[in-house]
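A.B. asks: Pasting a structure below so you can have a look.
The values are calculated or read from the model by the stated rules, or taken from the named source; none is laboratory data. Small disclaimer: the values here were computed from a predicted structure and weren't measured. Here Cβ is always computed from backbone atoms with ideal geometry, including for glycine, and neighbour counts include all displayed protein chains.
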Amino acid sequence: MRVELPDQGDKGGVLQRLNPVSKLLAITPVMGLLMLVTDPYTPLAFVVIGALVTVVLDGISLVRYLRVAAPLVALAASFVFIYPFVVSGPSGTTSEILVSLGPLRVREAGLWVGAATGLRILALSVLSLLFVLTTETESFLRALVQTLSVPYKIGYSAMAAFRFAPMLQSDIERVRAAHTVRGVPDNNGLRDRLYRVRSYAIPLFVNTIRRAERTALAMDARAFGVFDDRTHYHTQSVGWRDVGFVILFWTVSAALVGTLWQLDALGTLTILR
Amino acid sequence: MSRVETRELQFRYRGHREWKPSGVTLNIEDGEFALLLGPSGSGKSTLAKCFNGLIPHSVPGELAGTIDVCGCDVTEMSQAELATRVGLVFQNPSLQFVTSTVETEVAFGLENLRVQPPEILKRVTDALDTVGLSGFEGRQINTLSGGEKQRLAIACQLAMEPEILVLDEPTANLDPRGTEAVYELIRELAWDESRTIVLIEHQCESLLDAVDRTLVLDGDGGLLLEGTPEAVFAEHSRQLGREGVWIPAVTQLALELRSSGVWPDSTPLPVTVDQATDALEDVLTERRRFDSRPPDSTEQPGSSFSESDRAVVRTDGAAEPNRIGGGSASSALDVRGLDARYGPDETSEPVLKDIELSVPDGSFLALVGPNGAGKSTLAKHCVGVCPPPPETVFVEGRDVTTLPSREMSQHIGYVFQNPEYQFVTETVWDELAYGLRQLDCDADEIERRVDQTLDRFDLTGYADRNPFTLSHGEKRRLSVATMLVVGQDVLVVDEPTYGQDRANADALMETLSELHGSGRTIVVLTHDMRIVAEYADSVAVLVDGEIQFHGSPAALFDEPETLSSAHLSRPPLAELTDRISWFSGVATVERCLERCNSAQTETRSHDLDSASRSASDDAEER
Amino acid sequence: MAEFGNQLMGVKNWETRDLLVVAALGIVPGLALLPVVFAGFTIRAALGPLGTVLNSGLFYLPGLMALYIVRKPGASILNGIFVSLVWIPLTPFGLAVAIPSVIARIGSEIPFLFTRYRRYDSGMMAASGASAGLLALGAIYIPSSFQTLAIPVQVGLIVGHGLSGALLSGLLGKLLADKLADTGVLSAYSVVDDVEA
């Protein structure tokens, strides 16, 4: 499964104009909490909140959002189906049997854990989508350099290296085509697959390293890394908008968790296993 | 004053044995436009990296001799200072960018130099304006064409306001339209007397009139010649030819005419098409007037004629593939009503629309067209990389959908642009044996055929080498060899001359030409009109997924509308004949001689149809 | 460890070429491993602790390759930082996978620290990979409640992680890098001297 990198366009959404670091700051504590929860209600609540914030605040079309989120929902759903069969535990053997299929028994506790885990993964995904769909990789890296004082040599090297990813993808297609023409068997047996991985790896690595070297020379030719600091043509500042968003997001999240706790719906907190 | 001055400069890359360049002493004068030529492996690109201090500052290796830029020793200058004095534009348009939009990319170098944002804005605007990319500020770089990317790369350098601009084969990866746009820009930049420009190229026909001085390196990395283009090309053309350095097509033509006695020694050899137009007209008219001796040269099997002989045969012999005893009119490759789309469903954009194309056995077809016209998609359907619908593509009369991929690769070979993608083993020998092993040949048979192939492709000394360590030209040769070792009859070659220097390109084309001579069917996908003019016997033009033209190259050069709709340029010799009223098609030595011969018996108003007909008659007789 | 921090801070003295090779070896496999990160969590959820053994080694492979090729202290850690730059925004597990991945790379540098980054043979690479695997396991041990598991399972877990790191990242990384050196693409790096010797 692959999360789509955000494309350009959709300019002007509120979230897109925020400093990426503030978006990360807003969602990180919530994501930390979500890793600990065991009940299905809390993640469900954050799935709704996360999706609403992304779609409403940023004006992303619902269709596009659903298209990106659909595979994540499928992943989450698969937990509900797989978990009941693999989870065993102290409560696993005593809870009520819902369905019995020969030796396989689906117990209520298993279903419960499956639903909680699935929703938790979904909630984490929805929150990271809030960031991913509204942030360009490049402005994220700029913000890291400008707001969090990450050394600019690291930030801009990463920026250059991100450009290699689509090139690698077309490399893979070309290598596959080139191998087909050589008559390399395209069976799916394990041996053939391993052989393919081996014979693809070298040309792919060679090309990636060559690209890295050429790009490095082009960067050196433009005085990259000559000085310890640099000026910034596009600045990523932290404004009142950012502060407001972080406080608002934290307040809403805290209120949500508080309400769930009041309703006794918040289960025990443990580390995600 | 000299901007760049080298004395006995030599450099050796880490892990390499040979010094390239080896002991070069040259200087680049203030404000001049210098063209640096040299065969592959002469160290041209290395020299470019020395000019802006990447060597020795960023590239590991040993430097000997000295290089001064703007009067200072490069080794003692800081990289910041060098970056503002010398701008370097590289060959590959997509590997010199860091950010993803046009504006931020131009700003990148300025930010490194700690230029303040208001000044950056001003310089970005100016630089983009100079290269003609105003209005592109917010565009994503990956949506630009190759030519636009290369102009952006130039803008990135201009924004840093260098005194010297070095361009290292900036058009090697571009299509003809992109090349033209970049040359146009370089021409404009060269007008500015305060700017020094060094252009490293392996050929640059259309820019030669703007070049002040030409410097030529030899194969060993020393400086061979320097002087004005006229002096270098006209006076030393034989020497250049021996070194494998490109010579302008018109100079080549005049040279061959001189060797057959038509071009008098007193008339200087032309370098540009303009010069050639006047000179050729004069020469031929003079000859018609004063010389009534019947020239014997058409019958002469001199070696300098080999190329032109071929050109004549190809120009008019499209209808009859030159296969001896060819009674069979069968097709090597047949495409009938092929449609293809980008996506799987019916609504997605079509790439190929109802393609009908028949490639006769033993022919040499050039498939040309702009980028994105569907050339490689068509080729991929023909070799089975993309499966076509049933009953649309036939190789040697058999529907490719019924052929398993293993059997397919025994009938048709495909040579990729990047030969490295095709390497599947770790030695050259195994690379060649691979296809034979797939056929379950016995060991002796494999040994015999591999050795034979190594010998034929001049790779015998490399049998144990790792294919990746070969030079680019050798890799291409190996890649062709692997495609033929099993005995394939049809060979599809993607861009044989793209990204290569002239010597390598010529060597590969020679190989293809020999294979064609031995009866194989060759299909090349190309932008290079020189190939079309000199090698192909038929040409198909693909525009927007449709075949717009299929016929002989000469007929194509007579259709300016088709050429311009396919963004193709005419080869210089076709350009030349355009300017000479009584000529058409491509000017070749043969046709010029023909013209002179016929002058005795025919009048000047004689139409050229019969001239070309007699040329083809000649060809048939031979 | 102080030396280590200094080395990492010394990144401004690194050449752009080294930086970009380390970055490319981080970001490109980082993106390529995204499906594995997703699948890895599913496998871990489904198979329990033993599931982590299977794929852990592959996660430090790029770091060890980077270190082996560039041969500069901190190359592996830096590589981990580049990988994290991909995983933090692009996976729902963000820090949960990024932190162990960086810790693993710190582990991979430790054996080299002992030899002052002078030896780069198979033994060192295996030790480095094993050290990476064990430190990564250590980072998730208590949070994953592995201490509550039966002793044989715990032993299996520790041995498995060490072996997986030594084989799948240490030795495989060396093998790949040596194969790359054979192609001549690494001629600018010290790794070539080794291979030719």
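A.B. asks: Looking at C:Val86, C:Val22, C:Val28, C:Val37, which is the one that is modelled with pLDDT of 90 or more, within 10 Å of chain A (Cβ to nearest Cβ) and either within 30 Å of A:Leu130 (Cα to Cα) or surrounded by 23 or more Cβ atoms within 10 Å (Cβ to Cβ) (or both)?
C.D. replies: On the way: C:Val86 fails: modelled with pLDDT of 90 or more; C:Val28 fails: modelled with pLDDT of 90 or more; C:Val37 fails: modelled with pLDDT of 90 or more.
Step by step, each of C:Val86, C:Val22, C:Val28, C:Val37 is checked, and only C:Val22 is modelled with pLDDT of 90 or more, within 10 Å of chain A (Cβ to nearest Cβ) and either within 30 Å of A:Leu130 (Cα to Cα) or surrounded by 23 or more Cβ atoms within 10 Å (Cβ to Cβ) (or both).
A.B. asks: Would you mind telling me which numbered condition in (1) within 14 Å of another protein chain (Cβ to nearest Cβ); (2) surrounded by fewer than 16 Cβ atoms within 10 Å (Cβ to Cβ) A:Ala218 fails?
C.D. replies: (2)
A.B. asks: For the condition of a type outside the set (S, T, N, Q) and surrounded by fewer than 17 Cβ atoms within 10 Å (Cβ to Cβ), what is the one hit in B:Glu431, B:Glu349?
C.D. replies: Answer to the selection: B:Glu349.
A.B. asks: Taking A:Val197 as the residue in question, decide whether it is surrounded by fewer than 21 Cβ atoms within 10 Å (Cβ to Cβ) and either of a type in the set (D, E, K, R) or out of contact with any Asp or Glu (no Cβ under 7 Å at 6 or more places or on another chain) (or both).
C.D. replies: On the way: surrounded by fewer than 21 Cβ atoms within 10 Å (Cβ to Cβ): yes; either of a type in the set (D, E, K, R) or out of contact with any Asp or Glu (no Cβ under 7 Å at 6 or more places or on another chain) (or both): yes.
Taking the combined requirement at face value, the residue satisfies it.
A.B. asks: If a residue must be β-branched (Val, Ile, Thr) and part of a helix (DSSP H, G or I), how many such residues does the range B:52-92 contain?
C.D. replies: Adding up the residues that qualify gives 4.
A.B. asks: Now for a different question. When you scan the range C:95-197 for helices (runs of 4 or more DSSP H) that lie fully inside it, which ones turn up with 1 or more residues that are more than 14 Å from every other protein chain (Cβ to nearest Cβ) and at pLDDT below 90? Even if it seems obvious, please write down each step before you answer.
C.D. replies: Working: elements: C:122-141, C:151-164, C:172-182, C:191-196.
Because the criterion is at least 1 residues that are more than 14 Å from every other protein chain (Cβ to nearest Cβ) and at pLDDT below 90, the helices (runs of 4 or more DSSP H) in the range C:95-197 that meet it are C:122-141, C:151-164.
A.B. asks: If you check A:Met159 against the conditions, is it facing chain B (nearest Cβ under 9 Å), in contact (Cβ under 8 Å) with a residue 40 or more places away in the chain, in a helix (DSSP H, G or I) and not charged (D, E, K, R)?
C.D. replies: no
A.B. asks: Please determine, by comparing only the residues of the range B:79-103 that are at the interface with chain A (Cβ under 7 Å from one of its Cβ atoms) and closer than 23 Å to A:Asp228 by Cβ, which one is surrounded by the fewest Cβ atoms within 10 Å (Cβ to Cβ).
C.D. replies: B:Ala80
A.B. asks: Is it true that A:Ala223 is crowded, with 18+ Cβ neighbours inside 10 Å, among the aliphatic types (A, V, I, L, M) and closer than 25 Å to C:Ala177 by Cα? Spell out how you get there, then give the answer.
C.D. replies: Numbers: crowded, with 18+ Cβ neighbours inside 10 Å: yes; among the aliphatic types (A, V, I, L, M): yes; closer than 25 Å to C:Ala177 by Cα: no.
So A:Ala223 fails the test.
A.B. asks: Exactly one of (1) within 21 Å of the chain's Cα centre (by Cα); (2) surrounded by fewer than 23 Cβ atoms within 10 Å (Cβ to Cβ) is unmet by A:Arg120. Its number?
C.D. replies: For A:Arg120, the failing item is (2).
A.B. asks: A follow-up question, please. Out of all the residues in the range A:32-43, which are surrounded by 17 or more Cβ atoms within 10 Å (Cβ to Cβ), at pLDDT below 85 and within 14 Å of A:Ser128 (Cβ to Cβ)?
C.D. replies: A:Leu34, A:Met35
A.B. asks: For B:Thr425, all conditions in the list (1) in contact (Cβ under 8 Å) with a residue 24 or more places away in the chain; (2) β-branched (Val, Ile, Thr); (3) crowded, with 21+ Cβ neighbours inside 10 Å; (4) within 12 Å of chain A (Cβ to nearest Cβ) hold save one; what is the number of the exception?
C.D. replies: Evaluating B:Thr425 over (1) in contact (Cβ under 8 Å) with a residue 24 or more places away in the chain; (2) β-branched (Val, Ile, Thr); (3) crowded, with 21+ Cβ neighbours inside 10 Å; (4) within 12 Å of chain A (Cβ to nearest Cβ) leaves (3) as the failure.
A.B. asks: Continuing with this model, one more query. Could you go through the range B:506-521 and let me know if any residue there is out of contact with any Asp or Glu (no Cβ under 9 Å at 6 or more places or on another chain), closer than 24 Å to B:Ala172 by Cβ and crowded, with 23+ Cβ neighbours inside 10 Å.
C.D. replies: No, the conditions are met nowhere in the range B:506-521.
A.B. asks: What is the number of the single condition among (1) within 30 Å of A:Ala70 (Cα to Cα); (2) within 14 Å of chain C (Cβ to nearest Cβ); (3) surrounded by fewer than 22 Cβ atoms within 10 Å (Cβ to Cβ) that A:Asn188 does not meet?
C.D. replies: Only one criterion in (1) within 30 Å of A:Ala70 (Cα to Cα); (2) within 14 Å of chain C (Cβ to nearest Cβ); (3) surrounded by fewer than 22 Cβ atoms within 10 Å (Cβ to Cβ) is unmet by A:Asn188, namely (2).
A.B. asks: Has the range B:439-460 got at least one residue that is of a type in the set (D, E, K, R) and within 14 Å of chain C (Cβ to nearest Cβ)?
C.D. replies: We begin by selecting, within the range B:439-460, every residue of a type in the set (D, E, K, R); these are B:440, B:442, B:444-445, B:447-449, B:451, B:455-456, B:458.
With within 14 Å of chain C (Cβ to nearest Cβ) added as a condition, the list becomes none.
No, there is no match, as no residue in the range B:439-460 is of a type in the set (D, E, K, R) and within 14 Å of chain C (Cβ to nearest Cβ).
A.B. asks: Related question: Any idea which residue in the range B:107-147 is modelled with the lowest pLDDT, counting only those that are acidic (Asp, Glu) and surrounded by fewer than 22 Cβ atoms within 10 Å (Cβ to Cβ)?
C.D. replies: For the range B:107-147, the residue satisfying everything is B:Glu137.
A.B. asks: Taking the range B:98-126, which residues are in contact (Cβ under 8 Å) with a residue 24 or more places away in the chain, out of contact with any Phe, Trp or Tyr (no Cβ under 8 Å at 6 or more places or on another chain) and not in a helix (DSSP H, G or I)?
C.D. replies: If the condition is that a residue be in contact (Cβ under 8 Å) with a residue 24 or more places away in the chain, out of contact with any Phe, Trp or Tyr (no Cβ under 8 Å at 6 or more places or on another chain) and not in a helix (DSSP H, G or I), then B:Ser100, B:Thr101 are the ones that fit.
A.B. asks: Select the helices (runs of 4 or more DSSP H) contained entirely in the range A:163-273, then report the ones holding at least 2 residues which are touching a residue at least 12 places away in the same chain (Cβ under 8 Å) and outside the structural domain of A:Met31 (by TED's automatic domain parsing).
C.D. replies: Ranges flagged: A:164-182, A:190-220.
A.B. asks: OK, next. Among all residue pairs at least 6 apart or on different chains, which show Cβ distances below 9 Å where the first residue, located in the range B:21-49, is among the basic types (Lys, Arg) and the second is assigned to a helix (DSSP H, G or I)?
C.D. replies: Here the result reads B:Lys49/A:Leu217; B:Lys49/B:Ile55, each pair linking the range B:21-49 to a residue that is assigned to a helix (DSSP H, G or I).
A.B. asks: Here's another thing I want to ask about it. Which of the residues belonging to the range B:353-410 are among the small types (Gly, Ala, Ser), under 27 Å from B:Gly146 (Cα atoms) and touching a residue at least 40 places away in the same chain (Cβ under 8 Å)?
C.D. replies: Answer for the range B:353-410, where residues must be among the small types (Gly, Ala, Ser), under 27 Å from B:Gly146 (Cα atoms) and touching a residue at least 40 places away in the same chain (Cβ under 8 Å): B:Ala366, B:Gly369, B:Ala373, B:Gly374, B:Ser376, B:Ala379.
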